[in-house]
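The values are calculated or read from the model by the stated rules, or taken from the named source; none is laboratory data. Just so it is clear, the model here is predicted, and its values are computed rather than measured. Reconstructed Cβ throughout: ideal geometry from the backbone, glycine too, with neighbour counts over all protein chains shown. Calculation scope for accessible area: heavy atoms of the full protein, side chains included, ligands and nucleic acids excluded. Shrake-Rupley method; radii C 1.70, N 1.55, O 1.52, S 1.80 Å.
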Amino acid sequence: MIKNEWHRLSVEKTFEALASGRSGLTSEAAAERLGKYGPNAIESKKTQSPMVMFLGQFKSPLIYILIFAAAISFVVGKISSGAVILVVLMANATMGYAQESRAKSSMARLKELSAPKAKVVRDGSETEIPTGELAPGDIILLESGTKIPADARVTEAVRMQVDEAAFTGESHSVYKIEEAIDENAVVADRRNMVFAGTVVVSGRGRAVVTSTGMQTEIGAMAKMIQEAPQPKTPIQRRLEKFGRFLIILVSAQAAAAFLIGFFVRGMSFIDIFFVVLAQMVSSIPEGLPVAVTVALAVGMQRMASRKAYVRKLAAVEGLGSATVICSDKTGTLTKNEMTSRKAMTFDDTFEISGVGYSPEGRISKAGGGEGDPLSGDKTPDFRRLVTSAALCNNAALYIPQNGGKPDVSGDPTEIAYLALAAKAGTDLKKLSADYPRLDEVPFEPQLQIMAVRNVSPDGKRIVFVKGAPEKVLAMCAGYIAADGSVKPAGQAERDKVFADCDNLAREALRVLAFAYFYENTGDGAARQAPLEIDELDGKLIYAGVIGNIDPPREEVKAAIEICRIAGIRTIMVTGDHLKTAEAIAKYLGIASSDNAGISGGELEKMSETEIAEAVRVRTVFARIEPRHKYMIVRALQKQGEVVAMTGDGINDAPALAAADIGVAMGITGTDVAKEAAGIVVADDNFATIANAVEEGRGIAANIRKTVLYLLCSSNTEILVLLTALVAGLQLPLIPIMILWVNLVTDGGMTIPLTMEPRENVMDRPPEKREAPLVTPRMMHFLLYRVPLMAGGLITLFVYELSTTGSLAYARTAVFTALVITQWFNGISTRSFDKSVFQMNWSTNKYIIAGLGIGLSLHLCLIYVPFLRSIFMTVPLKAADWMRIVTGASVILWAEELRKYFSRRAAAAATNIK
């Protein structure tokens, strides 16, 4: 059987290849083929059970370390320590499971696109059968409202239009034809084919089934979704790498501590075991998994407030890491509301302002010529053009009296003509009443012309025509001049109009021509004859052309510039025509030249190397099919890019699933696209995507602040313990103290840090795909903060031990100093560059709450007898509190000094530039 080439065959050749005919299949032949090709259904992969999904939350090196630490705690009798760690693990797993369980299968949505019943011709008779029983060769009957059940070759089409927007990305319904077309035509141009999941919106027809089930275009998409690799987001990859690094680090530290203690210090096995345990507890940032989950949840809420709704939690940070955004054009970069921009009569050009279907806008002569286009007596040619466009029209436009959003129905291009007439002051309802319609020849794709017959207010019969300029002009004998007179039109006049059309096309305007003529009503028989296109030849009077465009969203241009400054490439990936796409891309700043684009047909012929070069240098991809989007995503990812792909149709689902971050449209998006995506944009606006990128970067920055804070804490504890071990001192901290700091004290700071207001994050390039969680700048902070903090704690321990002689008192002092030092460290970490005295504390009240709760709990550990016995603490004197707070604040002042010089250096560098 010929695959994917049915469009190039004639109807009879198609019947021959399928061993079928206009009378369809017999029941026996259908049953045989059903056994051979299988049912007409989308196959699904086996889904995970809830238990498997829950257990999957524990798949992380960082989690493995925590499980090991909990096990060790239970083995040595530290039940409370082990229990606390397990509570943390279960809380993190539950949060992750709750987020993942919201996602439903994209495959289930694809199945819903199939109609439950199909009208077919079986055994020479029309009948209705379950969709799943369709087989190649079946004849399906199509009419308005039919949801097409399988891919099929059109064998009969009577003014049949099919809505393929969700499938191809094209906003216009497609007129279907029976004739064979070019074999190189992309899916969107195969007008003699109908595809499963699309809908007939008008007309009727028949088609012979060519593919069913997984062999259809939807089936191919389903297979791509199933086979698409599920890329991990940058934060997932970085946390995994960080976890593996921690395993090595913890093992090395434990080995070093054991060797020093057992062989150098000669400590007993049980004593050195507890030292090693303390080291391990110190090394593990127990609060990190919960902090990351909370940070992403906070980001999800912030994005929702800016109309971006997160379906997959990790996508929050992932979008902030995007280096490339592949965006659809229609509705995302543009308004998805056709708008008339220019109208050209033979003598004049008229410019039209306003956007979309609103009647708001101004009409003026290009070049500031004389004559008010709203005045019919001064510009009769323009008035005739507008009247022709409004009457040769089957759309409807209702403008509310209160100035609300207009109610519309019909073809977007025709709605735009009605909006133009409204801008010109036309009362659409009165115009329709003044010119009642008598007859109509609907638009035929072969003729590319529509005509209507009306009665004018003075009782004359008038025909209005619109269509492709070359078709309309070929039937014109004259044109209406600026003064309203009719003048003959020869080849020179036609060439002039064609040049006008070319100029409009270069501005990415879609052009239709309009004409009219008054019928001779003297012949009674002629008055009763139906309107025929052939009879109009040589009689029409050319009225003019109108250029429409789906206008770019004004806010998008600024959003693309913000993305450019932030180091993010924007690539347009659209099913529209190349010239239109390039013109829009150039206006928005996506493309810098007129030849920045490439078509899907060209992409199809390229080698893998050539595709890699194309996605590196091109910014516009037009006439793109689903597999092309998938190819573009994979090629970009191979170059190390973090790819965000937008989409709304079922054709976008494979690419959305394969991209690092899939972004679906909330208004025009299909359920399939939304299920495949990680983020859904409520208003279908690219500017919202840019806002979400900003939020994602802010969350990523807050996660890094949290990681820095936790690493300062854990490494300070490690350095204190190692120093004490090497110096022959008693342990300044016991494991339960360290665990308390890691879980409670640090938890009181890490959660507020994840909620820190976003700083300016769009003035720097995105990080590379493989950038580590701990950046070189963070390592620099660690290298001076940790020794400073650890040195102060060891000094305090030695001082208290020598002055009081009490190990419990010295440990309590060091425990308290560590807690307060971490508070000062957390306050400083709110910003890597801004002074704490420049920050508004009211913007993050959680910091104040965290400090208040942390202080209250710590006082309980020191002054409540029951808790003192567990943590082995003793009450501290007031003088000790003053000394501890003063010493602990050193890290704050050191950071303030560093930030001061950092700001001065940055200012000096800016001045030099």
Segments classed as helices (runs of 4 or more DSSP H), wholly inside segment 711-812, with at least 2 members that are in contact (Cβ under 8 Å) with a residue 12 or more places away in the chain, within 23 Å of Val874 (Cβ to Cβ) and not charged (D, E, K, R): 735-740, 776-804
Any hit, segment 661-684, residues being in the same structural domain as Ile562 (by the TED database), touching a residue at least 12 places away in the same chain (Cβ under 8 Å) and among the polar types (S, T, N, Q): yes
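Could you go through segment 644-653 and let me know if any residue there is surrounded by fewer than 24 Cβ atoms within 10 Å (Cβ to Cβ), of a type outside the set (Gly, Ala, Ser) and in contact (Cβ under 8 Å) with a residue 24 or more places away in the chain.
At the first step, the residues of segment 644-653 found to be surrounded by fewer than 24 Cβ atoms within 10 Å (Cβ to Cβ) are none.
Scanning segment 644-653, I find no residue that is surrounded by fewer than 24 Cβ atoms within 10 Å (Cβ to Cβ), of a type outside the set (Gly, Ala, Ser) and in contact (Cβ under 8 Å) with a residue 24 or more places away in the chain, so the answer is no.
Take the residues of segment 592-626 that are of a type in the set (S, T, N, Q) and surrounded by 15 or more Cβ atoms within 10 Å (Cβ to Cβ): which is farthest from Lys557 (Cα to Cα)?
So in segment 592-626, the residues of a type in the set (S, T, N, Q) come out as 592-593, 595, 599, 607, 609, 619.
Add one more test, that the residue is surrounded by 15 or more Cβ atoms within 10 Å (Cβ to Cβ), and what stays is 599, 619.
Values: Ser599: 23, Thr619: 15 Å.
In this case the residue turns out to be Ser599.
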Residue among Ala692, Ala700 that alone is open to solvent by 10 Å² or more (accessible area, probe 1.4 Å) and under 32 Å from the mean Cα position of the chain (by Cα): Ala700
Selected residue [assigned to a helix (DSSP H, G or I), open to solvent by 80 Å² or more (accessible area, probe 1.4 Å) and touching a helix residue (DSSP H, G or I) at 6+ places or on another chain (Cβ under 6 Å)] from Tyr900, Tyr846: Tyr846
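Condition (residue is at negative phi and at pLDDT 90 or above) applied to segment 194-202: is it met by at least one residue? Let's see the steps before the verdict.
Looking only at segment 194-202, we keep the residues that are at negative phi, and these are 194-196, 198-202.
Then keep just the ones that are at pLDDT 90 or above; that gives 194-195.
For segment 194-202, residues at negative phi and at pLDDT 90 or above: present.
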Residue check, Val441 within 16 Å of Phe514 (Cβ to Cβ) and assigned to a helix (DSSP H, G or I): no
Selection from segment 569-607 of residues that are without any contact (Cβ under 8 Å) to a residue 12 or more places away in the chain, closer than 20 Å to Leu636 by Cα and charged (D, E, K, R): Glu602, Lys605
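Against the definition (modelled with pLDDT under 95, aliphatic (A, V, I, L, M) and open to solvent by 40 Å² or more (accessible area, probe 1.4 Å)), how does Leu438 come out, yes or no?
Working: modelled with pLDDT under 95: yes; aliphatic (A, V, I, L, M): yes; open to solvent by 40 Å² or more (accessible area, probe 1.4 Å): yes.
Yes; evaluated as a whole, the condition is true for this residue.
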Among (1) modelled with pLDDT of 75 or more; (2) under 33 Å from the mean Cα position of the chain (by Cα); (3) on the phi > 0 side of the Ramachandran plot, the one test that Gly38 misses: (2)
Leading residue by the ranking (modelled with the highest pLDDT) among those in segment 832-880 that are under 30 Å from Thr803 (Cβ atoms) and charged (D, E, K, R): Arg868
Test: Met338 is open to solvent by 20 Å² or more (accessible area, probe 1.4 Å) and among the hydrophobic types (A, V, I, L, M, F, W, C): no
Pick from segment 3-35, criterion open to solvent by 100 Å² or more (accessible area, probe 1.4 Å) and not in a helix (DSSP H, G or I), ranking: modelled with the highest pLDDT: Arg22
